[in-house]
1. What fraction of the DSSP beta bridges in the range 61-152 is antiparallel, stated in percent and rounded to the nearest 5?
2. Points 7 angstrom from Cα along the Cβ direction at residue 354 and residue 146: gap in nanometres?
3. Can you tell me the length gained on complete extension of the stretch residue 400 to residue 496, counting 0.36 nm per residue apart and subtracting the Cα distance?
4. What's the carbon and sulfur percent of the range 275-324's accessible surface, probe 1.4 angstrom, rounded to a whole number?
5. Per residue, how many Å² of accessible area does the range 269-377 show with a 1.4 Å probe?
6. With all protein chains present and a 1.4 Å probe, how do 712, 154 order by accessible area, largest first?
7. Mind listing the long-range amide H neighbours of residue 483? Cut-off is under 5 Å, sequence gap 5 or more, other chains count too, H placed in the peptide plane at 1.01 Å from N.
8. Compare 69, 226 by solvent-accessible area with a 1.4 Å probe and give them largest first, with all protein chains kept in place.
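The values are calculated or read from the model by the stated rules, or taken from the named source; none is laboratory data. Being a predicted model, the structure only gives us computed values, none of them experimental. Here the Cβ is made from the backbone with ideal geometry for all residues, glycine too, and neighbour counts use every protein chain on show. These accessible areas exclude ligands, DNA and RNA; they are computed on the full protein's heavy atoms, side chains included. Shrake-Rupley method; radii C 1.70, N 1.55, O 1.52, S 1.80 Å.
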Amino acid sequence: MLRRNCLLLFLCFLFEQSSCAPFQSRPGQEWPHSQTGPLAAGRNGGSRGFQRVKRGWVWNQFFVLEEYMGSDPQYVGKLHTDLDNGESGVKYTLSGDGAGTIFTIDQITGDIHALRSLDREEKPYYTLRAQAVDIETNRPLEPESEFVIKVQDINDNEPKFLEGPYTASVPEMSPVGTYVMKVTATDADDPTYGNSARVVYSILHGQPYFSVDAKTGVIRTALPNMDREMKELYQVLIQAKDMGGQLGGLAGTTTINITLSDVNDNPPRFSKSIFHLRVPESSAVGSAVGRIKAHDLDIGKNAEVEYNIVPGDGGAMFDITTNEHNQEGIIMLKKPLDYETKKAYTFKVEASNAHLDPRFHNFGPFKDTATVKINILDVDEPPVFSKPSYAMDVYEDTPQGTIIGAVTAQDLDAGNSPVRYSIDWKSDLDSFFDIDPVRGTISTNELLDRESIAQHNISVVATKVNNPVLTSRVAVTVHVLDINEFPPELAMPYETFVCESAKVGQVIQVISARDQDLPQAGQTFSFKSPQEGVKTKNFTIRDFGNNTAGVVTLRGGFKRRSQEIYHLPVVIEDGGLQTLSSTGTLTIRVCGCDTDGSLLTCSAEAIFLPVGLSTGALIAILVLIVVLYVGVRRQKKKETLMTSKEDIRDNVIHYDDEGGGEEDTHAFDMGTLRNPKVIKENMFRRDVKPELGLCPRRPVASQNSADISNFISLRLQEHDGDTSAPPYDSLATYAYEGEGSVAESLSSIESVKGETEEDYDYLNEWGPRFKTLAGIFGERSEKKKITA
């Protein structure tokens with residue numbers, strides 16, 4: 001304000017005008033100031049020019065009270081300019097927020113009025129513009145000026161809790177002053193004007209348990225040791241009042257629901273000190289036999305209870321667990337009960353909290369103890385066998401009626417009823433066994449064969465005489481023991497040979513044995529020569545002691561020319577209770593061996609002797625093999641006109657009937673392939689029945705061999721029209737050479753027309769394995785040369 005007034009004085013001094021009086025912006029006050037427009041002309045017709053004009057008025061803002069309830073428009077203020085000399089030559093105009101609707105101005109006097117009641121909370125101020133103009137010409141006398149009309153607040157709004165009602169929680173047993181929550185009320189009145197928006201808090205309902213801070217609205221506990229188990233929910237009424245709580249201020253209220261949260265401040269307690277339970281002796285192990293419960297006033301995890309059986313009488317027979325849903329203690333049976341052995345059990349159970357709060361240890365131990373007495377009820381039970389299962393052994397072929405064992409069952413109830421025995425027929429369909437119904441002895445009813453059934457599994461039933469409904473069963477396993485009825489024998493037919501270069505004491509063969517008696521695992525065998533204690537000249541048997549033996553030479557210098565085969569008997573004994581033995585014979589052949597002992601060749605007669613072939617037959621077979629080999633070798637040495645892949649002159653006909661081999665010349669004529677002129681007429685297939693009236697096929701051979709394509713076409717036509725052909729597809733392939741071929745026929749059928757002299761000396765070059773064969777054919781070559 002001071003700065004503005006100084007500025008006005010400075011402007012008046014510069015322009016040497018009339019003095020400018022300071023002003024204040026108050027409602028209804030007139031602000032007179034002199035001001036001319038920026039462009040002013042002399043009134044006396046002087047020369048027109050520009051000169052600086054002084055402002056006729058300056059204003060900032062007007063005030064108007066809100067919620068005005070008067071009948072006349074509320075007076076706001078007055079506008080006036082020094083140019084207005086009272087002759088009604090000046091007109092005032094108003095524009096901006098609410099001009100003409102909310103605010104109006106008297107154009108002659110400049111008085112401003114509010115036409116209706118205003119609400120500051122709706123709009124706190126209005127910005128308007130005013131201007132003085134010539135009433136006749138409407139020419140602005142000075143520039144337009146802007147001013148503000150501010151709505152002045154009154155206390156017309158009470159404090160409000162925008163988020164109420166509230167919910168809060170505080171732990172029980174909390175000390176005084178424990179923070180609960182904070183509430184805040186808002187007042188829509190102007191906080192910068194008066195005390196209309198200054199709020200203070202107080203508690204109307206909820207004392208003496210809680211308190212509230214008058215300035216901050218923070219709620220705290222006001223009473224110590226509030227117990228949730230006594231009262232859990234509290235409803236507190238909080239008031240907020242403006243005008244600093246003075247008389248005439250407006251107030252608002254809200255409700256706060258405060259809950260005491262649980263803490264573990266209560267131990268579990270049994271409702272009684274002794275619990276009586278009754279349990280049948282037939283209860284299954286693991287079943288629940290009773291329930292007890294310790295009550296805890298706390299809730300949630302603070303009420304979780306753990307149960308334990310105090311070690312002592314009966315504690316080993318039972319166990320206890322906690323039901324998570326209702327915190328009950330479930331007593332479980334750990335071992336079978338027997339009324340005849342013990343009729344009652346007594347033990348103690350301890351209940352304690354799982355989650356302890358150290359703040360309340362001074363309250364005492366958080367656990368309780370109760371006594372549980374369990375009475376066992378007698379139940380009529382089935383008989384009980386002396387063993388859970390029985391195993392019996394019997395030798396096969398045991399005479400019928402032989403007792404092999406017995407089972408025993410007893411009624412343990414007080415009545416001690418007699419017991420009767422029987423065999424479940426489903427477990428012994430063939431009735432191999434019988435049982436004495438009174439004594440329980442089991443005997444054979446049929447001859448048993450271990451090789452058929454080595455083990456019998458039967459079920460014996462025990463029944464009480466006074467209550468046949470009560471039965472019990474037991475498994476009986478009968479093992480059929482083997483009697484030594486099969487002698488041992490050699491494990492396999494051995495092909496044993498001895499080298500001509502064998503030395504004395506050399507093991508030439510390792511042998512083993514087998515036995516049909518069971519079990520085969522664990523069987524023991526021993527080997528020896530039948531001349532035990534008598535010195536032999538050639539071979540002997542050496543027992544290695546591990547169910548194997550070796551054939552050992554007693555001399556060297558074996559010669560095939562002297563003796564090709566030796567027979568060595570071997571005595572084999574088993575290790576059964578009744579020892580059985582057998583004698584096997586080994587056939588030992590004398591063979592030629594390499595220097596390292598590898599077999600080269602044996603006597604042909606010795607090798608094939610078991611087949612029954614003579615030496616001459618064996619020689620004939622070897623000769624045939626050599627002749628075929630030599631023929632193939634000579635055939636490879638001949639030069640041919642075409643490769644083997646191109647030599648496809650065979651007539652390939654596919655059918656499923658088996659041919660007669662090389663002697664079958666009726667199926668088709670091989671000569672046709674060799675020479676077209678060699679064609680047998682009137683030749684029918686023997687595998688297809690010819691039809692009557694059919695004309696024989698007369699193939700025409702090409703005489704000049706000029707057109708091979710024409711030759712093949714003729715062959716194709718012949719096969720298409722041949723009604724004697726088989727009723728299925730066949731493949732005919734030709735490789736026509738024509739007449740006069742210098743290579744003649746390339747077929748291997750006529751390759752060897754007679755015997756030719758062959759030199760077999762090359763067999764000596766094939767190594768020692770072919771030494772014998774070279775010797776045989778070498779002798780034949782020499783004989784032919786001598787004959788020639």
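1. Counting DSSP beta bridges with both partners in the range 61-152, the antiparallel share is about 80 percent.
2. It works out to 7.3 nm between the two label points.
3. Additional length available on full extension: 29.7 nm.
4. On the way: 1370 of 2700 Å².
Carbon and sulfur together cover 51 percent of it.
5. 56 Å²
6. 712, 154
7. 396
8. I get 69, 226, largest accessible area first.
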